[in-house]
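K.L.:
Got a structure for you, questions after.
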Amino acid sequence: RRVAVLPSSQDGKAVEVVTLPDPKDGTPSEYALGDGCILEANWFRPRHASWLVGNEVVSDGGVTLYTEVHPAFFLLPGLSGLGARQMDRAGAFSSLEHIVESLALPRRPGLEALVARALPDICDAKTVMDDETYYRFNLDKALDWLAGKTQALMALFSKLNAAFALYDEAGLRAYTVDYLGEYMPPALAAALRTKLKMPAAAEPQAKRKAPAPATTASAKPAAVAAAAAAPKPSAKISSFFSRPAEQPKAKKPKLVADKSNLKISSFFTRKVTK
């Protein structure tokens, strides 16, 4: 058994665990299908903890926090053609049933209703004979929707706690886009950066070349000379905490008996007979 915390909107309502593709890389992952929402599970487990549930003790002291994820994030990878799984007949109007089947989403009435509600945010819609609607992905519309999500999250983060007050507007926008990037393919996140006129994501430090060292000692500035004397990056971290050299142990002095305190019986020892 585990302890889970769900949004207050799900109080007294049953949730169903379903397998959905991760919005970023398409990996099958478990989510919870609640009443009118999709919930993402985040598990936190302290090292030494347990729960008291009624009259029982739950040895697993971890807690699973469920938070809502907009259904459109599960549709963007396949509809945009930028994710691991792409929808067939991309660029053409498709029915709700075809989209759900093509994206390999589980057939659940509640999930299909959520998909139908999310599709107009990122797709063009066309209703035929007043009884069936067809959808076609629109990249510009999807980017506008993502830009709106970015602004909404920026406003939320700025009021969340004092740590976000250290960011200027550009820094807060970069943080927010990186946060949203966990819910979309990297190519779509790059398109969102272009939409918001942001610089491209920084390359990892490992890919940057280190500056070439100076050839002569006389040409080294003081800062470079100090850096050269510093421990090399390749050195093990244990080298920075090396033990001091062991000092030679002092020889223990020999104990010499004080003859003035000897017992008188020691002067009359018995002779050992062979």
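K.L.:
Condition (residue is touching a Pro at 6+ places or on another chain (Cβ under 9 Å), assigned to a helix (DSSP H, G or I) and basic (K, R)) applied to the range 168-176: is it met by at least one residue?
P.N.:
If we filter the range 168-176 for residues that are touching a Pro at 6+ places or on another chain (Cβ under 9 Å), which is where we start, we get 174.
Going one step further and asking which of them are assigned to a helix (DSSP H, G or I), we end up with 174.
Narrowing the set further to residues that are basic (K, R) leaves none.
Among the residues of the range 168-176, not one is touching a Pro at 6+ places or on another chain (Cβ under 9 Å), assigned to a helix (DSSP H, G or I) and basic (K, R), which makes the answer no.
K.L.:
Another question, if that's okay. Please go through the range 1-22 and pick out each residue that is charged (D, E, K, R) and buried (at least 17 other Cβ atoms within 10 Å of the Cβ).
P.N.:
We begin by selecting, within the range 1-22, every residue charged (D, E, K, R); these are 1-2, 11, 13, 16, 22.
Correct list: D22 only.
K.L.:
Next question. Give the residue that is farthest from D25 (Cα to Cα), with candidates limited to residues of the range 46-69 that are at pLDDT 80 or above and touching an Asp or Glu at 6+ places or on another chain (Cβ under 8 Å).
P.N.:
S50
K.L.:
Please find, among K149, K141, the residue that is open to solvent by 50 Å² or more (accessible area, probe 1.4 Å), closer than 26 Å to A191 by Cα, touching a Leu at 6+ places or on another chain (Cβ under 7 Å) and part of a helix (DSSP H, G or I).
P.N.:
Values: K141 fails: touching a Leu at 6+ places or on another chain (Cβ under 7 Å).
Step by step, each of K149, K141 is checked, and only K149 is open to solvent by 50 Å² or more (accessible area, probe 1.4 Å), closer than 26 Å to A191 by Cα, touching a Leu at 6+ places or on another chain (Cβ under 7 Å) and part of a helix (DSSP H, G or I).
K.L.:
Does the range 73-90 contain at least one residue that is buried (at least 16 other Cβ atoms within 10 Å of the Cβ), at pLDDT 85 or above, touching a helix residue (DSSP H, G or I) at 6+ places or on another chain (Cβ under 6 Å) and part of a loop (DSSP other than H, G, I, E, B)?
P.N.:
The answer is no, given that none of the residues of the range 73-90 is buried (at least 16 other Cβ atoms within 10 Å of the Cβ), at pLDDT 85 or above, touching a helix residue (DSSP H, G or I) at 6+ places or on another chain (Cβ under 6 Å) and part of a loop (DSSP other than H, G, I, E, B).
K.L.:
What's the total number of residues in the range 23-47 that are under 15 Å from P106 (Cβ atoms) and open to solvent by 40 Å² or more (accessible area, probe 1.4 Å)?
P.N.:
So the answer is 2.
K.L.:
Okay, next question. Considering only residues that are touching a residue at least 12 places away in the same chain (Cβ under 8 Å) and open to solvent by 20 Å² or more (accessible area, probe 1.4 Å), look in the range 57-70 and name the one that is farthest from A118 (Cα to Cα). I'd like the intermediate steps shown before the answer.
P.N.:
Taking the range 57-70 first, the residues touching a residue at least 12 places away in the same chain (Cβ under 8 Å) are 58, 60-70.
Adding the requirement that they be open to solvent by 20 Å² or more (accessible area, probe 1.4 Å) leaves 60, 63, 65-68, 70.
Working: D60: 37, V63: 30, L65: 24, Y66: 20, T67: 17, E68: 14, H70: 8 Å.
Out of the qualifying residues, it is D60.
K.L.:
Hey, another quick one. Is the range 109-118 home to any residue that is open to solvent by less than 40 Å² (accessible area, probe 1.4 Å) and part of a loop (DSSP other than H, G, I, E, B)?
P.N.:
Within the range 109-118, none of the residues are open to solvent by less than 40 Å² (accessible area, probe 1.4 Å) and part of a loop (DSSP other than H, G, I, E, B).
The values are calculated or read from the model by the stated rules, or taken from the named source; none is laboratory data. Nothing here was measured: the structure is a model prediction, and the numbers come from that model. Virtual Cβ from ideal backbone geometry, glycine too; neighbours counted across all protein chains shown. Note: areas computed on protein heavy atoms with side chains; ligands, DNA, RNA excluded. Shrake-Rupley method; radii C 1.70, N 1.55, O 1.52, S 1.80 Å.
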